[in-house]
Amino acid sequence: MIVPFPAGGATDIVARLVAQKLGEAFGQQVVIDNRGGAAGTIGSDLAAKAPADGYTLLVGTSSTHAIAQSLYAKLAYDSVKDFAPVIGIATTTIVLSAHPSVPAKSVRELIALAKAKPDALSFASSGSGGVSHLVGEMFKAQAGIAMLHVPYKGDAPALADLVGGQVSLEFGTASSFLPYIQSGRLKALAVTSRKRAAVLPDVPTVAESGLKGFEALQWFGVFAPAGTRGEIVARLNTEIAKILHNSEMRERLAKLASEVLANTPEEFAAFQKAEIVKWAKVVKDSGAHLD
């Protein structure tokens with residue numbers, strides 16, 4: 001199971017939860033292969049070119065299978081044609097978190113600060129083209145502010161520098177940020193979901209903080225290389241759906257501020273295509289572009 005991001009990030013955490021249970025279901029070990037780089041596109045391209053025999057899977061995300069299609073001028077793979085969607089694992093809310101040194105206690109105060117001092121605030125991301133980057137660009141465009149983007153090679157190093165105060169803020173998955181928010185090493189200003197997150201009930205949404213209609217979610221799903229036989233995809237879907245419907249798994253994902261998808265291959269394919277359309281508009285409106 002290829003995870004196109006470094007170990008320790010949100011995608012890696014979710015993938016390992018599924019891989020362990022899938023290995024038990026099939027009676028053989030499912031090996032996690034972390035292939036990070038270029039906002040997940042390197043590992044995704046590797047999976048696209050793997051044999052379509054059901055033995056190589058990919059945990060794709062909003063970044064690799066929705067945003068990349070519009071953002072990259074020369075993407076090495078087609079996120080629709082080169083993959084067989086197996087199942088959506090979950091969606092997770094994104095938290096706008098700031099280092100305690102940032103003199104803003106709300107989104108409104110943050111916007112006012114950014115307008116008073118353009119580019120004085122910096123926002124980290126897991127890499128240029130990733131969901132944390134594009135949500136930041138989406139926020140900048142809608143708020144009418146200028147902030148400095150600082151890309152990293154994965155969630156873990158970006159989070160480390162945010163906690164260390166080298167950057168001002170980051171739009172990151174709740175699963176990665178929660179321990180630091182709860183310990184007071186970071187402060188949560190808002191969540192990007194439509195409604196408040198159960199694990200952060202006192203943190204408002206970006207939409208209720210003044211940017212009406214603002215909504216963005218990270219999602220994770222399992223893909224196989226295009227050409228994988230239908231019966232293999234169906235078997236994988238059935239086994240992974242059983243794992244996701246398990247009460248223990250649902251509880252573990254809920255603690256990571258994630259909601260289970262567990263859809264059919266056809267439903268997941270339709271979901272992905274809708275996400276491609278949605279993020280294409282964000283890319284266009286933000287003016288973001290990568291070669």
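Annotations
- Just one residue in the set 187, 195 is assigned by TED's automatic domain parsing to the domain that holds residue 112, among the basic types (Lys, Arg) and under 19 Å from the mean Cα position of the chain (by Cα); that residue is 195.
- Scanning region 18-65 for residues that are over 11 Å from residue 4 (Cβ atoms), buried (at least 20 other Cβ atoms within 10 Å of the Cβ) and at pLDDT below 95 turns up just one, 62.
- Test: residue in region 137-154 that is crowded, with 18+ Cβ neighbours inside 10 Å, hydrophobic (A, V, I, L, M, F, W, C) and more than 27 Å from residue 280 (Cα to Cα): no
- Residue in region 185-196 that is assigned to a helix (DSSP H, G or I), surrounded by fewer than 20 Cβ atoms within 10 Å (Cβ to Cβ) and in contact (Cβ under 8 Å) with a residue 12 or more places away in the chain present: no
- Residue among 83, 123 that is at pLDDT 95 or above and touching a Lys or Arg at 6+ places or on another chain (Cβ under 9 Å): 123
- Residue among 274, 280, 226 that is more than 19 Å from the chain's Cα centre (by Cα) and farther than 24 Å from residue 159 by Cβ: 226
- Considering residues of region 85-119 that are without any contact (Cβ under 8 Å) to a residue 24 or more places away in the chain and small (Gly, Ala, Ser) only, the residue nearest to residue 172 (Cα to Cα): 112
- So residue 245, is it farther than 20 Å from residue 62 by Cα and of a type outside the set (D, E, K, R): yes
- Residue 213 vs. criteria within 21 Å of the chain's Cα centre (by Cα) and at positive phi: yes
- Top-ranked residue of region 210-244 - restricted to ones that are among the small types (Gly, Ala, Ser) and crowded, with 21+ Cβ neighbours inside 10 Å, ranked as farthest from residue 270 (Cα to Cα): 216
- Flag if residue 221 is part of a strand (DSSP E or B), in contact (Cβ under 8 Å) with a residue 40 or more places away in the chain, within 28 Å of residue 124 (Cβ to Cβ) and of a type outside the set (A, V, I, L, M, F, W, C): yes
- Listed here are the helices (runs of 4 or more DSSP H) enclosed by region 225-291 that have at least 1 residues being of a type in the set (Val, Ile, Thr) and touching a helix residue (DSSP H, G or I) at 6+ places or on another chain (Cβ under 9 Å): 230-245, 265-286.
- Answer from 156, 146 - the residue that is under 15 Å from the mean Cα position of the chain (by Cα) and outside any strand (DSSP E or B): 156
- Within region 251-260, the presence of a residue that is at pLDDT 95 or above and not aliphatic (A, V, I, L, M) is excluded.
The values are calculated or read from the model by the stated rules, or taken from the named source; none is laboratory data. All values derive from a computational prediction rather than experimental measurement. Using ideal geometry, Cβ is built from the backbone for each residue, glycine included, and neighbour counts are taken over all protein chains shown.
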